[in-house]
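Here the structure is laid out as structure tokens; the discussion comes afterwards.
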Amino acid sequence: MNKSKVAILVTSCDKYQDLWEPFFTLFFRYWQDCPYPVYLGTNHLKYDHERVKTIAVGDETDWSSDFRSMLEQIPQPYVIVLIEDYLLIQHIDTTVIEGLITYMGDKGAGCLRLYPCPGPDLPCSDNPLVGEISKGAGYRLSLQAAIWNKQTLLELLRDGESAWELELNGTKRTNDLDAPFLSVTGDSPIPYFCTGVVKGKWVKEAVKLCETEGIEVDLTARSVQTPVDRLLRSAMIGRLIEFIKKRC
């Protein structure tokens, strides 16, 4: 697939501006030869970097409406969607990404998930690196890193929904589409710390990652999770896992 047909969109908003420097420092450190244009979605603020194009959507309305506005301003038909607290931790092999994009296009897929959480439940006989996410599978629409056919993603959005609601309700809407949904089967070709911020607070390990990488984190902008926060998060993850098991 021609590189001019693919873009990267980092979804964010102004209140997360303190994450932009850590994110892009790691992004360009570990994906130096990224051949695709990189867009950052914000409200009003701009991130000053020669390789980043800011898409400012104006005052915050709701997550899905703002996300739609970002996508509509990207001319490329395929978009690799990331979120600003997905902190890269290893070098990216561009040839692997290009191969996955080509495979996705050949299959006419609506999505190819790059971070298998959850992963596929059906094999692809012609590609051991990729599987299919069947209709009815839990979290068939996920906001983990993925390559999207932009038009497919736009069709699944509903104004007024939060990111959480998009994943839950949008998963049901994917069942009405003919395009297959795919996912890598093994390790992610875009390895990242998932996720760096939970409920507005830094995850302790993400701060440590930044320190190890020599990146300063502004802890005056947001605090680090407390032990109570971490306990509540563990309970939430446990409930999420049980929910996924019941849906699958």
Scope region 202-217; condition surrounded by fewer than 17 Cβ atoms within 10 Å (Cβ to Cβ) and either touching a Leu at 6+ places or on another chain (Cβ under 9 Å) or basic (Lys, Arg) (or both); matching residues: 204, 208, 213, 215
Which condition number in (1) out of contact with any Pro (no Cβ under 9 Å at 6 or more places or on another chain); (2) touching a residue at least 40 places away in the same chain (Cβ under 8 Å) is the one that residue 54 fails? (2)
Which condition does residue 133 not pass, out of (1) over 27 Å from residue 209 (Cβ atoms); (2) surrounded by fewer than 20 Cβ atoms within 10 Å (Cβ to Cβ); (3) in contact with a strand residue (DSSP E or B) (Cβ under 6 Å, 6 or more places away or on another chain), if it passes all the others? (2)
Which is without any contact (Cβ under 8 Å) to a residue 60 or more places away in the chain, of a type in the set (Lys, Arg) and either under 27 Å from residue 92 (Cβ atoms) or surrounded by fewer than 15 Cβ atoms within 10 Å (Cβ to Cβ) (or both), of 172, 107, 150? 172
May I ask you to list the residues in region 39-54 that are in contact with a Ser or Thr (Cβ under 7 Å, 6 or more places away or on another chain) and among the hydrophobic types (A, V, I, L, M, F, W, C)? 40
So residue 113 passes all but one of these: (1) farther than 17 Å from residue 146 by Cα; (2) in contact with a strand residue (DSSP E or B) (Cβ under 6 Å, 6 or more places away or on another chain); (3) basic (Lys, Arg). Which condition number does it fail? (1)
With the condition being over 17 Å from the mean Cα position of the chain (by Cα), I'd like the strands (runs of 3 or more DSSP E) fully within region 103-204 carrying at least 3 qualifying residues. 130-133
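Quick note: the coordinates plus some simple rules give every number you see, no bench work behind them. For clarity, every value in this text was computed on a predicted model and none was experimentally measured. A quick note on method: Cβ atoms are made from the backbone with ideal geometry, for glycine too, and the neighbour counts reach across all protein chains shown.
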